[in-house]
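Inspection log for the structure reproduced underneath, given as structure tokens.
The values are calculated or read from the model by the stated rules, or taken from the named source; none is laboratory data. Because the structure is a prediction, the values reported are computed rather than measured. Heads up, the Cβs are rebuilt from the backbone with ideal geometry, glycines too, and the neighbour counts pull from every protein chain shown. Each accessible area value is taken on the protein alone, full model and side chains, heavy atoms only, with ligands, DNA and RNA left out. Shrake-Rupley method; radii C 1.70, N 1.55, O 1.52, S 1.80 Å.
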Amino acid sequence: MRLKERLKGVVPEERLELLSSRFHVIGDIAILTLDPRLDCYKREIASALLDQCRNVHTVFNKISPLQGERRTFPLELLAGEGRSVTVHRESGFRYHLDVAEVFFNSHLGYERMRVAEGARAGEVVLVLFAGVGPFAIPSAARGARVVALEKSVEACRWLAVNSRVNRVLERVAIVNADAFSMNSLLKRKFDRAIVPTPYGMDRIVDLLPGMVRRGGIIHFYTFKKAQQIEELKKRYQDLGLEVLLCRRCGNVAPLVSRWVFDMQKL
Ligand SMILES: C[S@@+](CC[C@H](N)C(=O)[O-])C[C@H]1O[C@@H](n2cnc3c(N)ncnc32)[C@H](O)[C@@H]1O
């Protein structure tokens, strides 16, 4: 039975319309983003969700949008065990993380595997904005040597744990640094760069051609409106990058989507 059906008679019909059926499940934790007009029913909604999703043991409510460089958000506990540390399983990999201190998007599993499947044994891959490792670890598991750069100390700690539990520690070099200083830090050309850019940090794209060898591949993520895409393709071509693929991978705001550009350095 769907969540809304479970709440019939508990939450008035006109308020039930405000309940989104989209929520994140990260490991055994569900994260809702409740409309404030549902505030007086939040505990009923959370316990109905616990009844519905047997694999969920804690329900949080996201009480404001993503904030700061670490891309985290304040959470309000609504129901369940109340711990924010969990293990998320995705495509055979396990990611240990604390949802209160690091970013993780459980809706990008397909996209992460699509990119990882491009990595080759022996390649040297740069993953910027690496987080707890969902791009870095599958690429390392394919035999690539990965340099994973991440600014948040907490995320780097979980990245180290996840590299160990997924048995790729010897192939993942963790660099706790600012991606915008990478060209002074990293003195080599990579075969591939995976760049899940946080919102508003697109200017990183100007540094990427200098980090990848001729013929190397770049997977660059950005947040844009559809009508901006053709202009962007021209801009990347001016940077000496051939756009091989441009794909929408999730909506983040009205008219704004996450896009991935697979590009080759000419
Ligand atoms: C959108 S998240 C992506 C995380 C991960 N790749 C994923 O898909 O789950 C962005 C990550 O970039 C990190 N970050 C933000 N600004 C940064 C910077 N200037 N240099 C390096 N990492 C940064 C944040 O701490 C966060 O972990």
Subset of region 1-29 [under 27 Å from Arg89 (Cβ atoms), out of contact with any helix residue (DSSP H, G or I) (no Cβ under 9 Å at 6 or more places or on another chain) and among the small types (Gly, Ala, Ser)]: Ser20, Gly27
Residue tally, condition surrounded by 12 or more Cβ atoms within 10 Å (Cβ to Cβ) and either free of Cβ contacts under 8 Å to residues at least 24 places away in the same chain or in contact with a helix residue (DSSP H, G or I) (Cβ under 8 Å, 6 or more places away or on another chain) (or both), over region 40-49: 4
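Just the residues that are open to solvent by 80 Å² or more (accessible area, probe 1.4 Å) and touching a Leu at 6+ places or on another chain (Cβ under 8 Å), please, taken from region 16-39.
Listed by number, the residues that qualify are Ser21, Arg37.
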Residue in region 175-182 that is among the small types (Gly, Ala, Ser) and in contact (Cβ under 8 Å) with a residue 40 or more places away in the chain present: yes
Residue within region 56-68 that is away from the ligand (no atom under 16 Å from the Cβ), within 26 Å of Asn251 (Cβ to Cβ), buried (at least 17 other Cβ atoms within 10 Å of the Cβ) and aliphatic (A, V, I, L, M) present: yes
Number of the condition not met by His88 [criteria: (1) open to solvent by 70 Å² or more (accessible area, probe 1.4 Å); (2) in contact (Cβ under 8 Å) with a residue 60 or more places away in the chain; (3) within 18 Å of Arg22 (Cβ to Cβ)]: (1)
Of all residues making up region 226-266, the number that are free of Cβ contacts under 8 Å to residues at least 12 places away in the same chain and acidic (Asp, Glu): 3
Selected residue (criterion: surrounded by the fewest Cβ atoms within 10 Å (Cβ to Cβ)) from residues of region 101-117 that are farther than 22 Å from Arg164 by Cα and more than 12 Å from the ligand (Cβ to nearest atom): Tyr110
Pairs with Cβ under 7 Å, 6+ apart, first in region 119-135 and without any contact (Cβ under 8 Å) to a residue 12 or more places away in the chain, second aromatic (Phe, Trp, Tyr): none
Contacts under 6 angstrom Cβ, first residue in region 142-168 being without any contact (Cβ under 8 Å) to a residue 60 or more places away in the chain, partner more than 9 Å from the ligand (Cβ to nearest atom) and of a type in the set (Ser, Thr, Tyr), 6 or more apart: Val146/Ser139
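How about region 245-266: which of its residues are more than 22 Å from the chain's Cα centre (by Cα) and exposed (fewer than 12 other Cβ atoms within 10 Å of the Cβ)? It would help to see each step written out before you state the result.
Restricting attention to region 245-266, the residues satisfying the condition of being more than 22 Å from the chain's Cα centre (by Cα) are 264-266.
The one that is more than 22 Å from the chain's Cα centre (by Cα) and exposed (fewer than 12 other Cβ atoms within 10 Å of the Cβ): Leu266.
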Number of the condition not met by Gln52 [criteria: (1) in contact with a helix residue (DSSP H, G or I) (Cβ under 7 Å, 6 or more places away or on another chain); (2) open to solvent by less than 20 Å² (accessible area, probe 1.4 Å); (3) more than 16 Å from the ligand (Cβ to nearest atom)]: (2)
